[in-house]
Amino acid sequence: MSRRSERVASLLQDLLSEIIMFELNDPIFKKFISITEIKIGDDLKKATVYFRVYDADPAQLETALSKAKGYIKKLLAERMTIKFPPDIEFKQDLREEEEKRLEELFARIKKS
């Protein structure tokens, strides 16, 4: 990732957190939601937003975020200084579950 795309990803993470907390009215967005990572291409056209939710159904939140994607992109366009805001795709962050699974596999291997 280039320096510019890293800066845009950082700005995007801050703005998305703010938008989700204060601008979206669906009750599911009032849960504890964390934007864990944003992967954005060097051309700045597409961004994948990884999130984690702690007290709600992640699949339901992913659906709600996808439905609100157009409105979120409109708000981002108003607040960002780049010509075209990136297209956003929301995905649940599964790293913690994958790490637990790998630890269990390594423990099983160590026992045998």
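Name the residues in the stretch 35-78 that are farther than 14 Å from residue 94 by Cα and charged (D, E, K, R), would you?
Within the stretch 35-78, 39, 42, 43, 45, 46, 55, 67, 69, 73, 74, 78 meet the criteria.
Has the stretch 101-110 got any residue that is in contact (Cβ under 8 Å) with a residue 24 or more places away in the chain and either exposed (fewer than 15 other Cβ atoms within 10 Å of the Cβ) or part of a helix (DSSP H, G or I) (or both)?
For the stretch 101-110, residues in contact (Cβ under 8 Å) with a residue 24 or more places away in the chain and either exposed (fewer than 15 other Cβ atoms within 10 Å of the Cβ) or part of a helix (DSSP H, G or I) (or both): absent.
Rundown of residues vs (1) surrounded by 12 or more Cβ atoms within 10 Å (Cβ to Cβ); (2) modelled with pLDDT under 95; (3) in a strand (DSSP E or B); (4) not aromatic (Phe, Trp, Tyr), yes/no style:
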residue: 44; (1), (2), (3), (4): yes, yes, no, yes
residue: 52; (1), (2), (3), (4): yes, yes, yes, yes
residue: 55; (1), (2), (3), (4): no, yes, no, yes
residue: 62; (1), (2), (3), (4): yes, yes, no, yes
residue: 73; (1), (2), (3), (4): yes, yes, no, yes
residue: 81; (1), (2), (3), (4): no, yes, no, yes
residue: 84; (1), (2), (3), (4): no, yes, no, no
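The values are calculated or read from the model by the stated rules, or taken from the named source; none is laboratory data. Treat the numbers as computed from the prediction; the structure is a model and nothing was measured. Every residue, glycine among them, receives a Cβ derived from its backbone with ideal geometry; neighbour counts consider all protein chains shown.
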